[in-house]
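The values are calculated or read from the model by the stated rules, or taken from the named source; none is laboratory data. Fair warning: this is a prediction, and the values are worked out from it, not measured in the lab. Please note: Cβ atoms are built from the backbone with ideal geometry, for glycine as well, and neighbour counts cover all protein chains shown. Quick note on the areas: whole protein, heavy atoms, side chains included, nothing else; ligands and nucleic acids left out. Shrake-Rupley method; radii C 1.70, N 1.55, O 1.52, S 1.80 Å.
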Amino acid sequence: MKTLIKDVDIVTLDEKGTVIRGGAIAIDGANLVAVGEAPVEFAPDRTIDGANHVAVPGFFNAHCHASMSLVRGYAEDLPLDRWFNERVWVAESALGPEEVRAGALLAACEMIRSGTVAFNDHYFYMDHVAEVVEASGLRASLAWCQFGLGAGKEVGADLPAALAFAERFHGEAEGRIRAMLGPHSPYVCPPAFLREIAALAKEKGLGLHIHLAESEEQVSRSLATHGMTPTRLLEETGVLDVPTIAAHALYLSDDDVAILARRGATVAHCPITYAKLAMGPGDVPRLLRAGVNVALGTDGPASNNDMDMKEAVRFLPLLQKLARRDAEAIAGDASLRIATQAGARAMGFPSSGVLEAGKAADLVLFNFDKPHLVPRHDLVANLVHAAKGSDVSHVFVAGRLLYENGTILTLDEEKIRAEAERAAFRMVSRDLTVLREYQS
Ligand SMILES: [Zn+2]
């Protein structure tokens, strides 16, 4: 299939930050063949009129728990410890593969509608999430969360089963699915387990997706228990020997930052969760100055409460500017780059996140024919600070059109919304127990 998008404004996010007004984008199969001007011999099967639209690379949600969409609005106004112990880890006692599937389908609809092309998921029953990825047309990096607390403490898969999942699905769906191993965190997983899972990841050539240093209490507890910071513990146990995406990493010493930079780890920053759970803003400019790859995530809908990356794209610079009292923090297109190419690189899709000939055709169009997007002095500023996820009009993943002007072309959204609500109510009406206890 060959697609031509004509008369479109293009925010390429290439090295020079090129912005093209009234250009063309030519897509052949899964790739971009021209950005700016289409070759005269290009004969499209489909032409999209891009007038008053802006094309930009699609978003890579670098940390989420998509199926937690079923507990959206179920864990409100609580600090992290009570959020885990009173709500989230209680509702999850009734979680099964059907709930995971229903929640992932709902999240896929929400992500597609707001311009996300790929998500980095950390949860349970990931074979069911893989099915959703396959059906939706999205890309994803999937990790089956592991606690390492011994027999009977995992959800749906012990470590050998989580590894079997990763080996079975890595590269599936025409390469749209990548798999990782997913130790929960250094505050839940014992060091011996971190060592075991890291060695396995290294042996099998898989990356790791983990939570890290979300609170000052986690750091002081790690110092008291292990004699080192959580970040140092990840280095000592071999976790950072493989490509690692560390979600949050809010409380870091200078030494921790240097470790993350030296080991090429990615920090997945989820600013809306930090504000909502009053966790603190983190220091993104400091990470970037040190050379750490910083990507952007929504986190799960129990702490956000949505999966709209566009909202996080705006909130990231707002929170950093406010926290640092520095209006120049995360300026220009930095937030867009963090939300696209930084996540793409970390999730193993290095050809995505930039609009250039030869790269993957993972792009979205924003409809700028809206009062809040006029005038168009600065397309990047309008995209970062004024556009809404709901302004997305078209979503392409690997050259395939998944969404067009209000209609998801790959999923039955009406049915998915109804089934998700039924599954969510059924889940929290069961006999719930406390699964495990979070100790800050
Ligand atoms: Zn998380």
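When Glu92, Glu154, Glu110, Glu172 are checked against the criterion of being touching a residue at least 24 places away in the same chain (Cβ under 8 Å) and either polar (S, T, N, Q) or part of a loop (DSSP other than H, G, I, E, B) (or both), a single residue qualifies: Glu172. Check Glu76, Glu98, Glu41, Glu15 and return the single one that is open to solvent by 30 Å² or more (accessible area, probe 1.4 Å), in the same structural domain as Ala140 (by TED's automatic domain parsing) and more than 17 Å from Ala423 (Cα to Cα). Answer to the check: Glu76.
Taking segment 331-440 as the region of interest, the strands (runs of 3 or more DSSP E) fully inside it that hold 1 or more residues being among the acidic types (Asp, Glu) are 400-404.
Residues that are under 19 Å from His65 (Cα atoms) and open to solvent by 10 Å² or more (accessible area, probe 1.4 Å) within segment 166-183 comprise Phe169, His170, Arg176, Arg178, Met180, listed in sequence order. Tell me which residues, restricted to segment 208-242, are within 16 Å of the ligand (Cβ to nearest atom) and either among the acidic types (Asp, Glu) or over 16 Å from Val188 (Cα atoms) (or both). Across segment 208-242, the qualifying residue is only Glu214. Asp77 is checked against (1) assigned to a helix (DSSP H, G or I); (2) more than 13 Å from the ligand (Cβ to nearest atom) and fails just one. What number does that condition carry? Evaluating Asp77 over (1) assigned to a helix (DSSP H, G or I); (2) more than 13 Å from the ligand (Cβ to nearest atom) leaves (1) as the failure. Can you tell me which residue is surrounded by the fewest Cβ atoms within 10 Å (Cβ to Cβ) among those in segment 279-300 that are small (Gly, Ala, Ser) and within 16 Å of the ligand (Cβ to nearest atom)? Step by step, filter segment 279-300, then rank; the result is Gly280. Of the set (1) without any contact (Cβ under 8 Å) to a residue 24 or more places away in the chain; (2) closer than 21 Å to Gly353 by Cβ, all apply to Arg262 but (2). Being at pLDDT 95 or above, crowded, with 24+ Cβ neighbours inside 10 Å and touching a strand residue (DSSP E or B) at 6+ places or on another chain (Cβ under 7 Å) is a description that does not apply to Ala357.
Residues in segment 141-162 that are in contact with a strand residue (DSSP E or B) (Cβ under 7 Å, 6 or more places away or on another chain) and over 17 Å from Pro97 (Cα atoms): Ser141, Gly148, Leu159. Evaluation of Asp412 against the conditions (1) open to solvent by less than 30 Å² (accessible area, probe 1.4 Å); (2) over 30 Å from Val292 (Cα atoms) shows that the sole unmet condition is (1).
Just one of the listed residues (Ala34, Ala51, Ala62, Ala55) is within 16 Å of the ligand (Cβ to nearest atom), of a type in the set (A, V, I, L, M) and either open to solvent by less than 20 Å² (accessible area, probe 1.4 Å) or over 14 Å from Thr3 (Cβ atoms) (or both), namely Ala62. It is to be established whether one or more residues within segment 303-325 are at positive phi and more than 16 Å from the ligand (Cβ to nearest atom). There is at least one residue in segment 303-325 that is at positive phi and more than 16 Å from the ligand (Cβ to nearest atom).
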